[in-house]
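One structure is given here, and the rest of the page talks about it.
Every number in this text was worked out from the coordinates using simple rules, so none of it is lab data. Everything numeric here is computed off the predicted structure, so don't read it as measured data. We place every Cβ from the backbone using ideal geometry, glycine too, and count neighbours over all the protein chains shown.
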Amino acid sequence: QLQASGGGLVQARGSLRLSCAASGRIFSINGMGWYRQAPGKQRELVASITIAGYIGYVSSVRGRFTISRDNAKNTLYLQMNMLKPEDTAVYYCNTNPSNANYWGQGTQVTVSS
C-alpha cells in the first residue's frame, strides 16, 4: 500500500502539502498520481507525473496544485494552494494508471468556508 499523509482542516484559500512515500521498486518504474474521493462522488485523478517528469492536472486544480516527485527519496508530493471547500475529500496516492493493490487509507483534507 501507498500511504498518503499531510492532510488536515484548513480554511478556504489556505495551503496544505501532502506526501506519499513509496518503495523504490514501485517508485522507480511507475508514473505516479494523486487521487481524491469526495463524499458521494467517484474517485478522480487530480494530478499525475511521469518518471520523466511530465505533469498533468484536472482542470479544477490547475494553477492551484503542484505535483512533484523526489526520485532519490521515493516520495511524491502535492502542494495545494488556494484551497476551496470543493477540494474537501480523502486524498490518495497511487501509481498512474492506478494499481488496486496500492490503495491505502488516504488522508482527509477538509476545507472550511
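Brief remarks follow.
- Share, in percent, of DSSP beta bridges within the chain that are antiparallel, nearest 5: 90
- Ile51 paired with Arg13, simple spin-label distance in nm, labels 7 Å along Cα-to-beta-carbon: 4.3
- Cα shape, segment 70-113, gyration tensor, a/c 1.5 rule: oblate
- Among Tyr54, Tyr102, Tyr35, the largest mean-square fluctuation in a Gaussian network model of the chain (Cα springs under 10 Å) belongs to Tyr54.
- Test item: Cα-centred dipole of the chain, Lys/Arg +1 and Asp/Glu -1 on Cβ, debye: 100
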